[in-house]
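Remarks on the structure that follows.
The values are calculated or read from the model by the stated rules, or taken from the named source; none is laboratory data. Just so you know, these numbers come straight off a predicted model, no measurement behind them. Please note: Cβ atoms are built from the backbone with ideal geometry, for glycine as well, and neighbour counts cover all protein chains shown.
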Amino acid sequence: MKERIRMSKETADIKKIEETANRIRIKVVKMIGNAGSGHAGGALSAADILAVLYCHVMKFDPDNPEWEDRDRFILSKGHGAFALYSALSEAGIIPEKTLFTAYSVTSPCQAHPEKGRCPGVEMSTGALGQGLSAGIGMAIGAKIRKKDFRVYVVIGDGESNEGQIWEAMMSAPKFKLDNLVAILDYNKLALSDPIDEVMSLEPIADKARAFGWNVFDADGHNVKQLVEAFEKANNTKNSKPSLIIAHTTKGKGISYVEGKQECHAIVMTLEQAEATLKELGCPQKEIEKYLSFVKEKK
Amino acid sequence: MVEKIAPRAVLAEALIELAEKNPDIVVLDADFNPASMITPFRDRFPERFVQCGIAEQNMMSIAAGLSTVGFIPFASTIATFCSRRACDQLAVSVCISKLNVKVLALYPGFLVGTNGASHQSMEDISIMRAMPNMTVVHPADAYEMKQVVKYAASYQGPMYIRVARDAYEKFIPDDYEFELGKSCVLREGADVTIFVYGELIEDVLKAIDILSEKGVNPRVVNMSSIKPIDEDAIVKAAEETGRIVTVDNHNIIGGMGSAVCEVVAEKCPVKVKRLGVKDIPGRSGKNPDMKKYFGLTAQDIAQEVMSCLEN
């Protein structure tokens, strides 16, 4: 991602976005291996969504993350933070070395995103249910100022048990926020059990439509489908906000936990990190460099 | 005779005056604007009035989002729902990053009219004091309220401003100017210092009349800035008057009295008597009856001051 300003009408380079999604996964695994543990599941299920947003959909300037006309992204499901930081690194907004400060007290990469602590982070999240409302505030602000920046918010399915999400869902159509797109990272696994056993969202598409949203579906790991869903969301001009339901697999990319209940937060040894990086096609030299960096730190 | 005005009655005018000069001022409401009397702001600036409905958590995080795109949001509803209902949103969306959100918390403490326990915020000061980056203010009267609203627009950071319901006379001196972290002596005296804020100043001043007949001459200080608190005034009170009484429209646990004790214990140990709600649930009743019920009439206050001096 080298261009300064990414305009949302560019033709998508599907292969490039897929490669970026893979790079995001590689960096998430590196972060977890370096830190020793992390919220693997929800970070990895969102990797393709983030790649599409930062490679193609969103307009921003990596050299000026505060550019006032930038599109805003909020990771409302803040525990997926390692994916956000990895995406920000891929986007050129933060240097890769910052990723390896995670879990130190002074790190810009706190366990859950904090606005003002890491460039590119638009809102402090982690306490589930708040980020979508904050995105609504930004979208309302754009309307008042007659600015054309757009706001994108990724929410989780477990997160959507929170009452505040439904306050937000009720209010966005009222404010006619056609400049707001929410993306449900629908990986179907809550922390303790499958979402349908904990607290089902179904029929989520019907509910969102009834609340006044446009609703689009996509395979959350199919870049082409995600690109198409975003293009529909961005170009449907009926004064309604849009929800993209992205059907995903929790932990996608770490084969030994992918789709398994225990992948929400994992401990990862360096051996496991090495094996997973190999599976993700990370070049051998890069793996060796990473391993010696981590061993030296310890 | 200076007019008795309710602090809530000056909000609209103060906000409109700000908004006329500053396009960044926005006001958020949770379906309470007739009672908070900010409807004229809605009528004057409909595009800058965000009606969130009875969804206070959504409102506070929306305010946080607005502040990140350059607005100065004033989010307003009943104090209980600002502090208890939207506690997490203020802590996470707003305070972690010191976002520029101002909370107008209506009907603080037990003086809420007749609505009773569910609407009486007896713990909001303690909650808000313990949030890093939050400031807590309870203006003495409508005159100070106007100053605080104006101050809030230029202060960079979160503010929790308690807004009283009823009309009171002017307590602050004519040359007074509000500043965070500063208190104001309303009556000079040397026998004991009474720290008080807001509505109960009226009862403290009546208590002074009772006390002066007994030959006791207290200093009365308006402690409208609760966080940050005027530590110098507290030390001075301890050193110059030797005893302190605090009067809270709030639980005695965690209110302004507790904040005073924190300073006294560390810097100038003297006896402190905390008056306020003695950790009991609220009650439904008219405001004068509330003062009797919670033991905060002028007579009660005078008696407590005497007993503090005698022991």
Item to check | Of residues in segment B:268-279 being of a type in the set (Val, Ile, Thr) and over 20 Å from the mean Cα position of the chain (by Cα), the one farthest from B:SER118 (Cα to Cα) | outcome: B:VAL270
Next on the checklist: Exactly one of these conditions fails for B:GLU47: (1) more than 9 Å from chain A (Cβ to nearest Cβ); (2) surrounded by fewer than 20 Cβ atoms within 10 Å (Cβ to Cβ); (3) not small (Gly, Ala, Ser). Give me its number.
Outcome noted: (1)
Next on the checklist: Being within 14 Å of the chain's Cα centre (by Cα), surrounded by fewer than 21 Cβ atoms within 10 Å (Cβ to Cβ) and in a loop (DSSP other than H, G, I, E, B): is that true of B:GLY254 here?
Outcome noted: no
Checklist entry - When you look at B:MET37, is it surrounded by fewer than 24 Cβ atoms within 10 Å (Cβ to Cβ) and within 15 Å of B:LEU106 (Cβ to Cβ), yes or no? => result yes
Next on the checklist: What's the number of the only condition in (1) surrounded by fewer than 24 Cβ atoms within 10 Å (Cβ to Cβ); (2) of a type in the set (S, T, N, Q); (3) touching a Leu at 6+ places or on another chain (Cβ under 6 Å) that A:ASN34 fails to meet?
Outcome noted: (3)
Checklist outcome for this item: Cβ pairs under 7 Å, 6+ apart or interchain, first in segment B:280-308 and within 16 Å of B:VAL204 (Cβ to Cβ) and at pLDDT 95 or above, second among the small types (Gly, Ala, Ser) and surrounded by 16 or more Cβ atoms within 10 Å (Cβ to Cβ), ordered by first then second residue, are B:ALA298/B:ALA207; B:ILE301/B:ALA207; B:ALA302/B:ALA207; B:VAL305/B:ALA207
Checklist entry - Across segment B:271-305, what is the total count of residues that are touching a strand residue (DSSP E or B) at 6+ places or on another chain (Cβ under 6 Å) and hydrophobic (A, V, I, L, M, F, W, C)? => result 5
Checklist entry - Within segment A:260-298, how many residues are under 24 Å from A:ASP196 (Cβ atoms) and buried (at least 17 other Cβ atoms within 10 Å of the Cβ)? => result 3
Checklist entry - With respect to B:ALA142, is the statement that it is among the hydrophobic types (A, V, I, L, M, F, W, C), closer than 24 Å to B:TYR168 by Cα and buried (at least 24 other Cβ atoms within 10 Å of the Cβ) true? => result yes
Next on the checklist: Contact list please: Cβ distance under 7 Å, first residue in segment A:98-117 and more than 14 Å from every other protein chain (Cβ to nearest Cβ) and touching a residue at least 12 places away in the same chain (Cβ under 8 Å), second residue of a type in the set (Val, Ile, Thr) and part of a helix (DSSP H, G or I), pairs at least six apart or on different chains.
Outcome noted: A:CYS109/A:THR98
Item to check | Residue list for segment B:234-251, restricted to those being in contact with a strand residue (DSSP E or B) (Cβ under 6 Å, 6 or more places away or on another chain) and part of a helix (DSSP H, G or I) | outcome: B:ALA237, B:THR241
Checklist entry - Looking only at residues in segment A:63-97 that are assigned to a loop (DSSP other than H, G, I, E, B) and more than 14 Å from chain B (Cβ to nearest Cβ), which one is nearest to the chain's Cα centre (by Cα)? => result A:ALA91
Item to check | Residue that is touching a residue at least 24 places away in the same chain (Cβ under 8 Å) and either within 23 Å of B:ILE244 (Cα to Cα) or among the acidic types (Asp, Glu) (or both), where the choices are B:LEU186, B:LEU106 | outcome: B:LEU186
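Please work out if B:ALA153 is surrounded by fewer than 24 Cβ atoms within 10 Å (Cβ to Cβ) and within 14 Å of another protein chain (Cβ to nearest Cβ).
Working: surrounded by fewer than 24 Cβ atoms within 10 Å (Cβ to Cβ): yes; within 14 Å of another protein chain (Cβ to nearest Cβ): no.
Spelling it out, it is not the case that B:ALA153 is surrounded by fewer than 24 Cβ atoms within 10 Å (Cβ to Cβ) and within 14 Å of another protein chain (Cβ to nearest Cβ).
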Checklist entry - Mind checking which residues of segment B:262-284 are buried (at least 17 other Cβ atoms within 10 Å of the Cβ) and either out of contact with any Asp or Glu (no Cβ under 9 Å at 6 or more places or on another chain) or of a type in the set (Phe, Trp, Tyr) (or both)? => result B:VAL264, B:VAL272, B:GLY282
Next on the checklist: Please count how many residues of segment B:190-226 are buried (at least 19 other Cβ atoms within 10 Å of the Cβ), in contact with a Ser or Thr (Cβ under 8 Å, 6 or more places away or on another chain) and of a type in the set (Gly, Ala, Ser).
Outcome noted: 3
Checklist entry - For A:ALA134, are the conditions met, namely being in contact (Cβ under 8 Å) with a residue 24 or more places away in the chain, within 9 Å of chain B (Cβ to nearest Cβ) and over 19 Å from the mean Cα position of the chain (by Cα)? => result no
Next on the checklist: Exactly one of these conditions fails for A:ALA233: (1) crowded, with 20+ Cβ neighbours inside 10 Å; (2) in contact with a helix residue (DSSP H, G or I) (Cβ under 8 Å, 6 or more places away or on another chain); (3) in contact (Cβ under 8 Å) with a residue 40 or more places away in the chain. Give me its number.
Outcome noted: (2)
Checklist entry - In segment A:139-148, is there at least one residue being in a loop (DSSP other than H, G, I, E, B), over 24 Å from A:ILE165 (Cβ atoms) and either modelled with pLDDT of 95 or more or at the interface with another protein chain (Cβ under 10 Å from one of its Cβ atoms) (or both)? => result yes
Next on the checklist: Condition first: at the interface with another protein chain (Cβ under 7 Å from one of its Cβ atoms) and touching a His at 6+ places or on another chain (Cβ under 7 Å). Now tell me which residues in segment B:51-109 satisfy that.
Outcome noted: none
Item to check | Meets criteria (touching a residue at least 12 places away in the same chain (Cβ under 8 Å), over 21 Å from B:ASP88 (Cα atoms) and not hydrophobic (A, V, I, L, M, F, W, C)) for A:LYS147 | outcome: yes
Checklist entry - Limited to segment B:46-98, what total is found for residues that are within 22 Å of the chain's Cα centre (by Cα) and more than 13 Å from A:GLY137 (Cβ to Cβ)? => result 19
Item to check | Of all residues making up segment A:236-257, the number that are closer than 21 Å to A:GLU19 by Cβ and either in contact with a Cys (Cβ under 8 Å, 6 or more places away or on another chain) or modelled with pLDDT of 95 or more (or both) | outcome: 6
Item to check | Filter result (more than 10 Å from A:LEU44 (Cβ to Cβ) and either in contact (Cβ under 8 Å) with a residue 40 or more places away in the chain or within 19 Å of the chain's Cα centre (by Cα) (or both)) within segment A:246-259 | outcome: A:ALA246, A:HIS247, A:GLY259
Checklist entry - Only one of (1) under 25 Å from B:GLU13 (Cβ atoms); (2) modelled with pLDDT under 95 fails for B:TYR155. Which number is that? => result (2)
